[in-house]
Amino acid sequence: MTLTACRESRPAGENPFFAEWDTPFGVPPFDRIAPGHYMPAFERAMSLHREEIEAIESCGDEPTFENVIVAFDRSGEMLDRVGSVFGMICAADLNDELQAVQEQVMPLLTAHYDRILLDEKLFARIKSVYDARRTLGLDAEQLRLTEKIYDDFVRAGALLDTQSKERLSAINSELTSLEVSFGNNVLAANNAFALTLTDEEELAGMSASMRTIAREKADERGLEKSWVVTLDQPSRVPFLTYSTRRDLREQLYKAYVDRCGEGCANDNRALVADFARLRSEKARLLGYPDFASYVTAAQMAGTPQAVYALLDEVWKPALERARTEADQMERIMRAEHPQDTLEAWDWWYYAEKLRKRDYDLDDAMLRPYFALENVRDGIFFLSNRLYGVTFRPVAVPVYHKDCSAYEVLDVDGSHLGVLYLDFFPRASKSGGAWCGSYRGQSYDDEGNRIAPVVSIVCNFTPPTRTTPSLLTLDETQTFFHEFGHALHSLFADVKYRSLANVEGDFVELPSQIMENWATEPEMLRQYAVHYNTGEVIPDRLVERIRKSGEFNQGFATTEMIAAALIDMDVHSLAACEDFEADEFEAEAMRRRGLIRQIAPRYRYPYFQHIFNGGYSAGYYFYIWAEVLDKDAFEAFRESGDIFDRRTAERFRRLLSRGGSADGMTLYRDFRGADPDKRAMLSARGLLPKKQAQASDTNE
């Protein structure tokens, strides 16, 4: 490896990755880690990992569970540590130096792991243990680990001939480079756009807080007597919802949905075509008809047909509901502007009018009750009431001044983990919200649990000079969602590192179930407190929130399922010659009857989930897991107490087991039956009325 440039920029002093961290709880020493430390750390970590693999191969003893399977599971610890920190920082606080390292190291990492997974000597020893697994007296978890590692090697190409392995490695390397380029292009496109407003008339409809945020955005850019609206959700969505300037709404909306498309300096369409072509070829090399088949074979769904069956079942009633919503909004619009027709950039604006008319509820009423600190404390309260865990602020190194950190204490007061919170948008941060780990839970050689270090990263409405951060209801639910992921990581208690992960279409269950509590009346009265007056949210607003629970669900469900469908479609291609992203997407949506006022939640050129976020042929995970989460929440309702500690303890056991069993087995152990999708359809208002009423009666 030629790493001269990175070596030249290496900071003076010892590399923090080369020593044990003496920080509280062993968190990363962010105050001592510089961009120049990463490449030397990756170099050493890959070298150590190779030595560990060579030791497994060269062992003169007969292959056993301990000297092959356990040894492989324990290998690469330093590489995991460096990679986890680097990946999290690149997503949350990227800069030019890190981007340069990212572009250089990611292909090297891909090649490193390919060499291991395609190593014939190593695989031969693994296969020897695998073939004899039923005669070795292994317990269920050991058997699961052996089969998991063997299957991972097979899915990575271990059974291919030499020529096919070489081609597969080349494909993997190219895909890695594409992923880095794709993500960097989206970040650059987001940062490149600003809707600059220069007179009061352009601010029509904007609230005082919206104007303050826009004014502060302009100040950041050194613009005087101006206001700036960006593509960040806390800036974009309120403007689309309240601005009376239809021409400006159109400009902002088109800038968002046309990102990284035709005419954009960061055009990703050619990259999308390359993804489609390379992933299709990879799947065929590995013996699958298409990439969707390759992905789903390792998920709960099993096949693309099972995914399409669920998506199609939800799509039809959701689209019908969306058409009804569009008709309702167009009638409101025509009363004001008889010559106009409803367009996509009008949806948020007239949906809010419809919500105000039908439910006497709007965003401005709710925000004062959802101060970020109150929502955070409410989630802490919920976690304590369900699971007995508590959160204590701690002084530890952070990677950005906006971060805060907490020690998480278990019900008995013992250390469970560390949680970082990072809430607000910035140019160096990717869009959206996510939860990840700087260190996953594991066990050391003496059998001591190593606690996880977890981080929640969001792009919430920031505070202004005069008000705290006041969240929308959607942002509030997002916070609950990501906290569910955090609890999943914090509760993990898995002996073997290779069994830490669950199936992709299971992973959203712990997050989505948390959203169910966010709008429960008893929960709202606990945390929804007016930031200025201290008034607990009044019953009339709680009731309106409850009644509006199915509001706009046609739109929300349709745009989500549309994104899942175009994801499955592009990854179901057996051949990708002459692929053109815009045409393919448009035809897929035309064929299914998508109305012009709705676009897929993510279009191909900026669909980061599937092109650099690990959800390729997997955006359906959210709706699949929603079947699980709505059914699982019914267990709490059936107990007679949505905070029932016994039910929570059983659910925590499910979360703690990681991938030590397959997802459906874990779910059945908790619920005692397969999940019933009627709860999900009912929650989204998509069950036929008679069926929904029958379901309510049964409850």
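Counting each DSSP H run of 4 or more residues in the chain as -39500 (n - 2.57), what helix-only mean residue ellipticity at 222 nm follows after dividing by all residues, to the nearest 500 deg cm²/dmol?
Computed ellipticity for the chain at 222 nm equals -18000 deg cm²/dmol.
Using only Cα atoms, locate the centre of region 589-665 and the centre of region 123-190, then give the distance between them in Å, rounded to an integer. Cα centroid of region 589-665 versus Cα centroid of region 123-190: 25 Å apart.
Where the accessible area of the chain is counted over protein heavy atoms with a 1.4 Å probe, how much of it, in %, is carbon and sulfur? Roughly 47 percent of what the probe reaches on the chain is carbon or sulfur. From most to least packed by mean Cβ count within 10 Å, the peptides 35-45, 555-565, 331-341 give 555-565, 35-45, 331-341. Give the lysines whose C-alpha is closer than 30 Å to that of Lys401, dropping any in the same chain fewer than 8 places away, or say none. Result set, ordered by chain and number: Lys217, Lys225, Lys429.
Return one whole number: the accessible area per residue of the chain in Å², for a 1.4 Å probe.
Details: 29200 Å² over 699 residues.
Per residue, the chain has 42 Å² of solvent-accessible surface.
Among the DSSP helices (H) of the chain, those spanning at least 20 angstrom by Cα along their long axis with an average Kyte-Doolittle hydropathy of -0.5 or more are 77-92, 96-117, 162-192, 269-285, 372-387, 473-491, 553-571, 621-638; this is a geometric and hydropathy rule only.
Partner lysines whose Cα lies under 20 Å from the Cα of Lys495, excluding those fewer than 8 positions away in the same chain, are identified as Lys148.
Neighbours of Leu681, meaning other residues whose beta-carbon lies under 9 angstrom from its beta-carbon, give a summed charge of +3 when Lys and Arg score +1 and Asp and Glu score -1. Charge dipole of region 521-612 (Cα centre as origin; +1 on each Lys and Arg Cβ, -1 on each Asp and Glu Cβ, all else neutral): 600 debye, rounded to the nearest 20.
Within 13 Å, Cβ to Cβ, of Asp290, how many net charges do the neighbouring residues add up to if Lys/Arg are +1 and Asp/Glu are -1?
Details: positive: Arg277, Arg279, Lys282, Arg284; negative: Glu281, Asp567, Asp569.
Its environment carries a net charge of +1.
Within straight-line reach of Lys165, meaning a Cα separation under 16 Å, sit the following aspartates and glutamates at least 8 residues removed in sequence or on another chain: Asp114, Asp119, Glu120, Asp152, Glu174, Glu281.
Could you order Glu52, Glu202 by accessible surface area, starting with the largest, using a probe radius of 1.4 Å?
Working: Glu52 75, Glu202 30 Å².
I get Glu52, Glu202, largest accessible area first.
Projecting the Cα atoms of Thr296, Phe42, Ala648 onto the dipole axis of the chain, where Lys and Arg carry +1 and Asp and Glu carry -1 at the beta carbon, places Ala648 farthest toward the positive end. In sequence order, region 498-503 has phi-based couplings of 5, 9, 6, 8, 9, 4 Hz under the Karplus curve 6.51 cos²θ - 1.76 cosθ + 1.60, θ = phi - 60°, and Gly or Pro positions carry x. The distance separating the Cα centre of region 342-399 from that of region 452-518 comes to 13 Å.
Near Asn516: Cβ cut-off under 10 Å, other residues only, Lys/Arg at +1 and Asp/Glu at -1. The net charge is -2.
Ranking request for peptides 478-491, 390-403, 230-243, 273-286: highest mean number of other beta-carbon atoms within 10 Å first, then the rest in descending order.
Values: 478-491: 24.1, 390-403: 14.7, 230-243: 21.6, 273-286: 20.1.
Top to bottom by mean Cβ count within 10 Å: 478-491, 230-243, 273-286, 390-403.
The values are calculated or read from the model by the stated rules, or taken from the named source; none is laboratory data. Here the structure is a predicted model, which is why all the values come from computation and not from measurement. Heads up, the Cβs are rebuilt from the backbone with ideal geometry, glycines too, and the neighbour counts pull from every protein chain shown. When the accessible area is computed, the model is the full protein with side chains, heavy atoms only, and any ligands, DNA or RNA have been set aside. Shrake-Rupley method; radii C 1.70, N 1.55, O 1.52, S 1.80 Å.
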